[in-house]
Amino acid sequence: MAGAGERPRERATLPVLEPDGRPGVRISRSGDRRIAFAGLSVAALFLALAVLSLLLPPGLRLGAWLPVHLSLAGAAATAIAALLPFFSGAMAVAPPARPVVRILGIGLVAAGAATATASLSLGIGGGMLPASAAFLFVVGVGFVAAAIFVPLRGAFGQRRGLLERAYGVALLNVAAGVTIVMLHLGGNVAAQTAWGQLKPAHAWLNLIGFAGLVIVATVTHLAPTVVGTRLRPRATSRLAVVGVALGPPLIALGYVLGLDPIARLGAVAVLLGAAGIVTHAGTVHFDRARGRWTTDLAWHRFTSTALLAGQAWLAVGFGIAGTRVLVMGATPEAWSLQLISGPLVIGAVAQILIGAMSHLVPAIGPGDIAAHARQRRLLGIGAPVRLVGLNVGALLVTVGSGMASQEAGSLLIGIGLKLAVASAVATLVMLAQALRAGRLGRVTLGAGLS
């Protein structure tokens, strides 16, 4: 009990009812929410660095390598490490993992990504420093897996098997993909000899099998919440998740074994998954049963449209990558980071992260109800302009990357990058301002999921 003159400590709790309707267990997510938001803030820093790196000369940023790895290995992976345990536990009404497990998962993933990216881009430490960083990343993934799956054994709510399996496959994919590059950088002769075939396998497992799959599985549940419609099983969401879950491991296996039929089978699965993604996105966004917002319309439109456009770009990127494998087989030439960096990195990953952050800051971030209302109004300012700039930028980069004329392509890419950077930086600055506008207060779990 609180002593005289002391205020009772506020706790973010969710009541769970027994079958007969009596109040049951109450789960506190206050600490887990703070850890998740801290990890999300680190992911935002990675994303800001990735966006700014696009302004560097191609030689300094190693073409698309630096922005891609900052946005995927850094921003996306850290956001995944921060949010997946929180999201999966909330969906299944499970107690949160121990804070030390959560912090180690986020910290090791972020530290591994930062060290590997910095050492490789700056050319310091030889191969052993980035190889050691990759090992830390894999260990961090293990802690993230523990933070997700161990608490689910004590879940009080409905388990979502497809979602949990997708997360498990994604974590196995990234562990395998990072292990491949760790062996290559660490001097393993077999890995170095076969690097021409292993590099595309590494890329497919990490970019599409990990980041892509987690985004697809999460957005199929997050998008209905953001849009304001019912969260219910849909055939399109199952097609999207299953296709993207099966495809990348099969393609990677085809590359490792040098077997075109296996890689092409995986490409078919990815293309089916891409069709499921775009169909599900449209079904949810234009659902006639969705609610009609009466307040903060600019913010609602910004977050829901960013997720819709991001999913469309995700399908475009998967379609380009899958079609090349379907036509060319398991050849190194079938993988082209340049061709998919526009749709996947700018249009999909960056946009979905921005949309999700803009939704989550007023939902699970610091501040009371009044502060969250101010944050929503702030994040809605200039939303259409920022969305148009980001998507036109992604379009110009995508078109420019595929043009036969190098001069014309470089011109379009340069204009597109500037538009995308300006739009992304503007949103990140507004997110920072929204954070300063908030103050730490009581935020219920329901506020973060509805």
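Descriptive notes on the structure:
- The residue list 329, 340, 299 was ranked by how far each Cα lies along the charge dipole of the range 286-349 toward its positive end, using unit charges on Cβ atoms, and 299 comes out on top.
- Between the alpha-carbon centres of the range 377-397 and the range 235-290 there is a gap of 27 Å.
- With R₀ set to 35 Å, the beta-carbon distance separating residue 331 from residue 298 gives a calculated FRET efficiency near 0.15.
- Other residues with beta-carbon under 10 Å from the beta-carbon of residue 299 carry, at +1 per Lys or Arg and -1 per Asp or Glu, a net charge of +2.
- Toward the positive end of the charge dipole of the chain, with +1 on the Cβ of Lys and Arg and -1 on the Cβ of Asp and Glu, the farthest Cα among 416, 380, 178 is that of 380.
- Within the chain: Cβ-based charge dipole about Cα centre, in debye rounded to nearest 20 (Lys, Arg +1; Asp, Glu -1): 1300
- Inter-label distance, residue 432 to residue 150: 3.6 nm, where each label sits 7 Å from its Cα along the C-beta direction.
- Theoretical FRET efficiency, 1/(1+(r/R0)^6), r = Cβ-Cβ of residue 158 and residue 238, R0 22 Å, to 0.05: 0.85
- Dipole magnitude (debye, nearest 20) for the range 110-241, charges at Cβ of Lys, Arg, Asp, Glu: 660
- Sites residue 385 and residue 338, calculated FRET efficiency, Cβ-Cβ separation with R0 41 Å, nearest 0.05: 0.90
- The chain, helix-only ellipticity at 222 nm - DSSP H runs n ≥ 4, -39,500 (n - 2.57), divided by all residues, nearest 500: -23500 deg cm²/dmol
- The peptide list 153-162, 171-180, 29-38, put in order of mean Cβ contacts within 10 Å with the highest first, becomes 171-180, 29-38, 153-162.
- Protein heavy-atom accessible surface, 1.4 Å probe, per residue over the range 62-162: 37 Å².
- Whole-percent carbon and sulfur share, accessible surface of the range 237-286, 1.4 Å: 79
- Summary of the geometry: the range 137-175 and the range 81-123, compared by the centres of their Cα atoms, lie 12 Å apart.
- Near residue 326, once Lys and Arg are set to +1 and Asp and Glu to -1 for all other residues with Cβ below 13 Å from its Cβ, the sum equals +1.
- Computed log₁₀ I(q)/I(0) - Debye formula, equal Cα scatterers, no solvent, the chain, q 0.10, 0.12, 0.13 Å⁻¹: -0.69, -1.00, -1.19
- DSSP H segments from the chain that extend 24 Å or more along their own axis, Cα-based, with Kyte-Doolittle mean of 0.5 or above: 30-53, 99-122, 128-152, 161-185, 235-257, 260-285, 297-328, 383-401, 406-437
- Accessible-area composition of the range 21-157, carbon plus sulfur, in percent [1.4 Å probe]: 76
- Per residue convex hull volume, Cα atoms of the range 119-251, in Å³: 127
- Heavy-atom surface of the range 310-450, accessible at 1.4 Å and reported per residue (Å²): 38
The values are calculated or read from the model by the stated rules, or taken from the named source; none is laboratory data. Quick caveat, the model's predicted, so the values are computed rather than measured. For neighbour counting, all protein chains shown are included, and Cβ atoms are generated from backbone atoms with ideal geometry for every residue, glycine included. Side chains included, ligands, DNA and RNA excluded: accessible areas come from the protein's heavy atoms. Shrake-Rupley method; radii C 1.70, N 1.55, O 1.52, S 1.80 Å.
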